[in-house]
Amino acid sequence: MNYPFSAIRQSKVSEDIVEQIKALIRSGQLKPGERLPSERRLAQILEVGRSSLREAINSLSMMGLVEVRQRKGIYIGTVSTPLISDPLRQLT
């Protein structure tokens, strides 16, 4: 018998952080060029470990959604909303 169930995917904390920041950028709550809180402070706000936060920031940086400036902080990148909502557009 075939059941209509599918496997439950356990998400990683870093993926949840990425999705939350992407949603804030999409909604306009985080604007291009805006500086994020320090890594330590952001980890406290999100109630996550710094290693998970670093992993998320690295992912966001690779997507071009944030820019990490050594000794200056993490800034929201200048990307268009379609790239955030449709990551396949980055492939074209």
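Values as computed for the structure displayed
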| quantity | calculated |
| --- | --- |
| Options LEU36, LEU30: the member that is in contact with a Phe, Trp or Tyr (Cβ under 8 Å, 6 or more places away or on another chain) and surrounded by 12 or more Cβ atoms within 10 Å (Cβ to Cβ) | LEU36 |
| Residue tally, condition surrounded by 13 or more Cβ atoms within 10 Å (Cβ to Cβ) and assigned to a helix (DSSP H, G or I), over the range 51-75 | 11 |
| Filter pass, GLN20 being of a type in the set (S, T, N, Q) and open to solvent by 100 Å² or more (accessible area, probe 1.4 Å) | no |
| Positions within the range 1-50 being assigned to a loop (DSSP other than H, G, I, E, B), closer than 19 Å to GLY73 by Cα and in contact (Cβ under 8 Å) with a residue 12 or more places away in the chain, in sequence order | LEU30, LYS31, PRO32, GLY33, GLU34, LEU36, SER38, VAL48, GLY49 |
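The values are calculated or read from the model by the stated rules, or taken from the named source; none is laboratory data. The structure displayed is predicted, hence computed values, not measured ones. We place every Cβ from the backbone using ideal geometry, glycine too, and count neighbours over all the protein chains shown. Please note that ligands, DNA and RNA were not included when accessible areas were found on the heavy atoms of the full protein model with its side chains. Shrake-Rupley method; radii C 1.70, N 1.55, O 1.52, S 1.80 Å.
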